[in-house]
1. Taking every DSSP beta bridge with both residues inside the protein assembly as shown, roughly what % is antiparallel (nearest 5)?
2. What does the charge count around residue B:179 come to, taking other residues whose C-beta lies under 11 Å from its C-beta (Lys +1, Arg +1, Asp -1, Glu -1)?
3. Residue A:45 label points, 7 Å along Cα→Cβ, one per copy: pairwise distances from this copy to the rest in nm, shortest first?
4. Once every DSSP H run of n ≥ 4 in chain B is given -39500 (n - 2.57) and the sum is divided by its residues, what mean residue ellipticity at 222 nm do you get, rounded to the nearest 500 deg cm²/dmol?
5. Since chains B and A are linked by a rotation, which residue in B has the beta carbon closest to its axis, and how far is it in Å?
6. Distance between the C-alpha centers of region B:148-185 and region A:84-132? Whole Å please.
7. Suppose you put the label 7 Å out from Cα in the Cβ direction; list, shortest first and in nm with one decimal, how far residue A:25 is from each other copy's label.
8. Rounded to the nearest 0.05, what FRET efficiency is calculated for residue B:142 and residue A:20 with R0 set to 25 Å and r the Cβ-Cβ distance?
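What follows draws every value from the coordinates through simple rules; no lab data is involved. Please read all numbers here as calculations on a predicted model, not as lab measurements. Note that we place each Cβ from the backbone using ideal geometry, even for glycine, and neighbour counts take in every protein chain shown.
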Number of protein chains: 2
Amino acid sequence: MAKVVLYMSMSVDGFIAGPDDSEEHGLGVGGEVLHGWLADGGVDPASHRPPDEAGATVFDEVLATGAVITGRRTFDFAGGWAGDHHDGVPIFVLTRAAPPEPPPGSARYVTDIASCVAEAKAAAGDRDVLLHGAATAQECLRAGLLDEMQLSVVPVLLGRGRRLFADLPQVELSLVRVLDGPAVQHLGYRVER
Amino acid sequence: MAKVVLYMSMSVDGFIAGPDDSEEHGLGVGGEVLHGWLADGGVDPASHRPPDEAGATVFDEVLATGAVITGRRTFDFAGGWAGDHHDGVPIFVLTRAAPPEPPPGSARYVTDIASCVAEAKAAAGDRDVLLHGAATAQECLRAGLLDEMQLSVVPVLLGRGRRLFADLPQVELSLVRVLDGPAVQHLGYRVER
């Protein structure tokens, strides 16, 4: 049964982007440091595979997922990944209002978090579902639909920007895995219900 | 040379207290879980020593510090520790305006962060200075006066409450120690300048 797993890089003070994030600067001012544990690569997603074992483990998990759920902001900032996040798996883009033009490639717009998760799980089969984006993570947590979080905690205080967690109910977690990278810690939490 | 070290228990979403924290409920609604790694004890601070090695290591460090810097809120919520946080070491209480009555025991009010840190370091001699409290930590970070942070990260999303980090400049950190407790992770960061 597919699990919905949030993968995000986060500063110690809880930001996933610095201030003034935009389509040109998706990670905001000073936020590039959050992706410092990934390799400098090109268009091919696999070219960003980190050289260290901890980072590579997390990276490989992301690319082994069978469907992607993402928010509209993340999707647009990433240019919709030209319609292919990895291996052509279906991309479900949560949005308040779907634009008239269909999204590129294997992406589709969904306006309801519950059906979004149900469709992504069905599409992923026995693989996990990758969840990406702060607003969508929060919607999933509020709806009780998130199964795990894999947080790559980067040793920096960004100070300002976009927070991963805000205005949530209290949610119990269990720490299920710790992977220590050269600078970044990858913390895996199960969401308890 | 004394280092100024922030010791705080924090939820995964960055809160050091739940909502509606008050003198009666210093950790706010649902915030007691943040101190779950400490032993249930009595008035004697040492009675809260955790049974596990990781927790005990952090706890012993706190009680080995030679001076305490705390904010007025934390100080008042704790009843001023009756004037003795541990071993009678000096307590420097950062406040905007010192009340007319002197604080109890080894405590004194200080209104300026720079002289507060200088006096605490002098008082601590070759021991470290314990810093406690969110607002004071932020003032110290803004002033470039914090040397280390020891964050005990508790596997819970509190959702709402009092954040440890807010409205800061960007600050580079180095992860210098990881201690895995049974449920809590104790992460040590050096503040880079």
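1. Numbers: 34 of 78 bridges.
Looking only at bridges with both residues in the protein assembly as shown, the antiparallel portion is about 45 percent.
2. -3
3. 5.1
4. My calculation for chain B gives -5500 deg cm²/dmol from helical runs alone.
5. Closest to the rotation axis on chain B: B:14, 2.
6. Taking the Cα centre of each part, region B:148-185 and region A:84-132 sit 33 Å apart.
7. The answer, with the shortest distance listed first, is 4.1 nm.
8. 0.75
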